[in-house]
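Participant: Dropping a structure here in structure tokens format, bear with me for questions.
Just so it is clear, none of the values below were taken in a lab; they were calculated from the coordinates. For clarity, every value in this text was computed on a predicted model and none was experimentally measured. Positions of Cβ are generated from backbone atoms using ideal geometry, with glycine treated the same way; all protein chains shown enter the neighbour counts.
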Amino acid sequence: MFNRIMSLLQGEGEVAQESRFERVQVATCALLMEVAHSDGHYQKVEATIVHDLLAQKFNLSTDAVAELVDYSRQHREESLDLFQFAREINANFSRAEKLDVMEGIWRVIYADGTLDKHEDALARQLAALLRLDHKDVIDRKLLVLDEVDPNRKS
């Protein structure tokens, strides 16, 4: 199974050609799902945000998003690390698109209104894997925080 996943992510063989979803869609979904599960609690609000982000980013129907999530869940659970997913995003997304993914990561993290230490560590790791500047990552974090709690103290 591991070889099948690797060939999918590397674009080798029939698996990649037959796949309904593009590798970058699977990679983006896998990272969002990893963040959603990082605090040990996968909540309905997190699932809703993940689904909404994927539908908007890739212009997918509700049913297609559900299929993508199921498909990506298996790949995420069987993967050895997050680098393979980040590599796919780095190869196919512009800096602005990667920042949009990072903003989505913050939206998932703050879906429950708190920043867990595991979520914070994962966000830092993903920012590094996506080769994003710290300032840009923090700007996206603050943007999300301002939307979540407009009355928060700066």
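Participant: With charges only on Cβ, +1 for K and R and -1 for D and E, what is the dipole size of segment 2-148 about its Cα centre, in debye, rounded to 20?
Facilitator: 300 debye
Participant: For the chain, which semi-axes, largest first and in whole Å, follow from the square roots of 5 times the eigenvalues of its Cα gyration tensor?
Facilitator: Values: eigenvalues 137, 52, 40 Å².
Semi-axis lengths for the chain are 26, 16, 14 Å.
Participant: Please give the helix 23-37 orientation as an angle from the longest Cα principal axis of the chain, in degrees from 0 to 90, rounded to the nearest 10.
Facilitator: Value to nearest ten degrees: 50.
Participant: Next up: Against the longest principal axis of the chain, how steep is helix 44-58, in degrees 0 to 90 to the nearest 10, with axes from Cα atoms?
Facilitator: Long axis of 44-58 versus the principal axis of the chain: about 60 degrees.
Participant: Right, here's the next one. Give me the angle, in degrees from 0 to 90, between the Cα long axis of helix 83-92 and the longest principal axis of the Cα atoms of the chain, rounded to the nearest 10.
Facilitator: The answer is roughly 90 degrees.
Participant: Give the range of the longest stretch in the chain that excludes all trypsin sites (Lys or Arg not before Pro) found in loop regions by DSSP and having at most 11 other beta-carbon atoms within 10 Å.
Facilitator: It works out to 21-130.
Participant: Under a Cβ-Cβ cut-off of 14 Å, what is the net charge of the residues other than Ile138 that fall near it, where Lys and Arg count +1 and Asp and Glu count -1?
Facilitator: Net local charge, Ile138 excluded: -2.
Participant: Pop out the ³J(HN,Hα) list for segment 104-120 in order, Karplus 6.51 cos²θ - 1.76 cosθ + 1.60 with θ = phi - 60°, rounded to Hz; leave Gly and Pro as x.
Facilitator: 3J(HN,Hα) across segment 104-120, in whole Hz: x, 4, 5, 4, 5, 4, 8, 4, 9, x, 10, 10, 6, 4, 6, 5, 4.
Participant: Express the relative contact order of the chain as a whole percentage, based on alpha carbon pairs under 8 Å and six or more residues apart in sequence.
Facilitator: 27 percent
Participant: Using amide H atoms built in the peptide plane, which far-off residues or other-chain residues are under 5 Å from Asp116 H to H?
Facilitator: Close amide H contacts, sequence-distant or interchain: none at all.
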